[in-house]
1. Checking the condition closer than 30 Å to GLU23 by Cα, surrounded by 19 or more Cβ atoms within 10 Å (Cβ to Cβ) and either out of contact with any strand residue (DSSP E or B) (no Cβ under 9 Å at 6 or more places or on another chain) or at pLDDT 85 or above (or both), which residue from LEU79, LEU146 passes?
2. Consider only pairs whose beta carbons are under 6 Å apart and that are at least six residues apart or on different chains; among these, list those whose first residue lies in region 303-318 and is farther than 13 Å from LEU331 by Cα and whose second residue is assigned to a loop (DSSP other than H, G, I, E, B) and at pLDDT below 85.
3. Under 9 Å between Cβ atoms, which residue pairs at least 6 apart in sequence (or on different chains) link something in region 43-65 that is closer than 22 Å to LEU460 by Cα with a partner that is surrounded by fewer than 22 Cβ atoms within 10 Å (Cβ to Cβ) and among the polar types (S, T, N, Q)?
4. So GLU491 ticks every box in (1) modelled with pLDDT of 95 or more; (2) over 21 Å from TYR378 (Cα atoms); (3) outside any loop (DSSP other than H, G, I, E, B) but one. Which box is left unticked?
5. Take region 291-312 and flag every residue that is surrounded by 15 or more Cβ atoms within 10 Å (Cβ to Cβ) and either modelled with pLDDT of 90 or more or not in a strand (DSSP E or B) (or both).
6. If only one of THR482, THR504 is more than 30 Å from GLU147 (Cα to Cα) and of a type outside the set (D, E, K, R), which one is it?
7. Residues that are crowded, with 24+ Cβ neighbours inside 10 Å and under 17 Å from the mean Cα position of the chain (by Cα): which helices (runs of 4 or more DSSP H) entirely in region 363-450 hold 3 or more of them?
8. Go through (1) surrounded by 16 or more Cβ atoms within 10 Å (Cβ to Cβ); (2) modelled with pLDDT under 75; (3) of a type outside the set (Asp, Glu) one by one and return the number of the condition TYR343 breaks.
Amino acid sequence: MENDTLIKIVDGVPRNPMWRMAEPVNLEIKRGEQVAIVGDNAAGKSRLVEILTGHYPLLQNEVQYDFSPTASPLVSDNLKYITFRDSYGEQDGTYYYQQRWNQHDIADDSPTVRESLGHHSPLPAPPLGEGCGRELSGNSLFSSLLEELWDERLISLSSGELRRFQIAKALATNPRVLILDNPFIGLDAKARGDFRELLRSLIEKAGLQVILVLSKQADIPDFITHVLPVEGLRLLPKVAYKSERSPLPAPPLGECLIPVERGGCGNEALPQRGSGEGAVGSEEKPSFILRFRHVSISYGGRTILQPLDWTVREGERWALSGPNGSGKSTLLSLVCADNPQAYACDIELFGHRRGTGESIWEIKKHIGYVSPEMHRAYQKNIPAIDVVASGLSDSVGLYFRPKPEQRQTVLDWMHVFGVDALADRSFLQLSSGEQRLCLLARAFVKDPELLILDEPLHGLDDRNSQRVRQVIEQFCQRPRKTLVMVTHYEEELPPCITHRLDLTPSPTH
């Protein structure tokens with residue numbers, strides 16, 4: 001290879017036909033280039049990265065690397081890849097959906113952040129050659145990412161905190177090249193800014209090269225020098241990137257992306273609840289959906305949720321905000337009957353005080369829910385339609401085949417989210433964006449009274465993000481529909497929002 005070439009692929013074709021792009025891959029990344037791989041959901045971005053990292057063996061002309069002046073020529077020592085799935089933590093076969101909130105089920109030897117990183121502090125200088133990396137210390141690196149999390153158990157971290165941990169873990173190995181799949185998802189605004197500055201510092205002072213895999217052009221940082229567009233499983237020519245370029249505008253909310261077969265953007269276009277599919281009955285209900293009276297949550301010496309009084313009335317649409325670790329997901333776990341501490345709190349849901357005899361299933365039948373924790377829990381190699389259908393029975397991560405009379409309702413909701421053609425494909429074979437759309441269809445499938453969406457647009461491209469916002473907006477126009485939505489991006493909120501709740505981290509957090 002030429003001296004200025006870092007990674008090169010010539011006519012790359014994976015041996016396994018299932019892993020191939022639509023055309024042979026030809027790619028060259030030079031030293032000093034900071035690259036963004038950009039494309040829509042299912043365009044082939046992750047498949048391209050698997051080829052680039054050598055995970056998919058090629059028929060001929062294997063990927064060429066030149067990591068000099070590093071001492072080790074091994075790809076595993078020089079190239080680290082954090083996938084979308086990694087942002088939700090590692091799977092060890094013992095994880096289950098509610099585990100984060102069931103602290104009594106967490107083993108005493110469950111690793112802390114410090115233990116998992118092998119106490120990488122201070123770090124040695126990155127081995128990138130004379131004069132490289134001497135300005136950065138391990139203490140400053142980890143303090144900027146992990147701050148107060150050193151002694152927290154991994155299982156207790158929020159999705160945003162887990163994201164910060166995974167990034168720090170990769171950086172601790174001093175890679176030559178760091179590949180990050182949608183690195184800013186799950187991070188609050190301050191964390192996103194801090195992380196961009198950290199990457200910029202490592203690029204300038206330690207010689208790190210980054211490859212970012214992004215679904216949205218607006219997420220491209222200004223230190224990126226080149227873009228690799230991917231479209232329809234095709235790698236398009238590499239183009240120089242200038243940060244001052246205006247991003248492509250997202251479709252306006254008035255441009256309806258809901259399938260026309262569903263009636264466009266009309267108020268009655270979405271599928272309706274079918275008989276026997278989670279119907280909640282006609283009993284008289286109070287005007288409020290939930291009521292918290294001085295509710296707080298602590299685990300050991302760590303306060304997760306500060307004392308809170310909160311009432312949500314039927315038909316209100318709430319935006320729930322706050323930085324990583326402020327207790328947003330913990331709060332929602334109380335609403336969804338996933339957190340056993342709810343029984344010790346003064347909480348009323350749908351007219352019932354928790355702990356007065358109602359089952360969690362009586363609560364869940366009213367609620368449609370999607371969250372990062374739920375995405376993490378679905379690791380079953382089952383058809384996508386069965387994942388969506390599990391919303392009818394409120395099971396998570398379990399096999400659920402819809403009955404014949406339910407199948408059409410499930411397919412209708414998959415069609416609304418544009419994934420009905422994927423119904424019989426394995427959920428694990430879908431792209432992360434397609435998986436998220438299936439989980440969103442799962443949240444809506446029983447036409448719930450209360451819709452709880454925790455970071456629902458994670459990993460979605462601009463068009464699918466717009467589609468989901470339109471579905472939320474349209475759904476909430478129906479009578480007696482209530483919404484609580486969490487996002488770190490203000491522009492992701494639909495126009496229907498009527499109320500806001502902003503949480504702040506505990507001083508002891």
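1. Being closer than 30 Å to GLU23 by Cα, surrounded by 19 or more Cβ atoms within 10 Å (Cβ to Cβ) and either out of contact with any strand residue (DSSP E or B) (no Cβ under 9 Å at 6 or more places or on another chain) or at pLDDT 85 or above (or both) holds for just one of LEU79, LEU146, which is LEU79.
2. ARG313/SER287; GLU314/SER287
3. Close Cβ pairs (under 9 Å, with a partner that is surrounded by fewer than 22 Cβ atoms within 10 Å (Cβ to Cβ) and among the polar types (S, T, N, Q)) amount to ALA43/SER431; GLY44/SER431; LYS45/SER431; SER46/THR83; SER46/SER431; ARG47/SER431; VAL49/THR83.
4. All conditions are met except number (1).
5. Across region 291-312, the qualifying residues are ARG291, PHE292, TRP310, VAL312.
6. Being more than 30 Å from GLU147 (Cα to Cα) and of a type outside the set (D, E, K, R) holds for just one of THR482, THR504, which is THR482.
7. Ranges flagged: 432-444.
8. Answer for TYR343: the failing condition is (1).
The values are calculated or read from the model by the stated rules, or taken from the named source; none is laboratory data. Remember, predicted model here, so these are calculated numbers, not experimental data. No Cβ is skipped: glycine too gets one built from the backbone with ideal geometry, and neighbour counts run over all protein chains shown.
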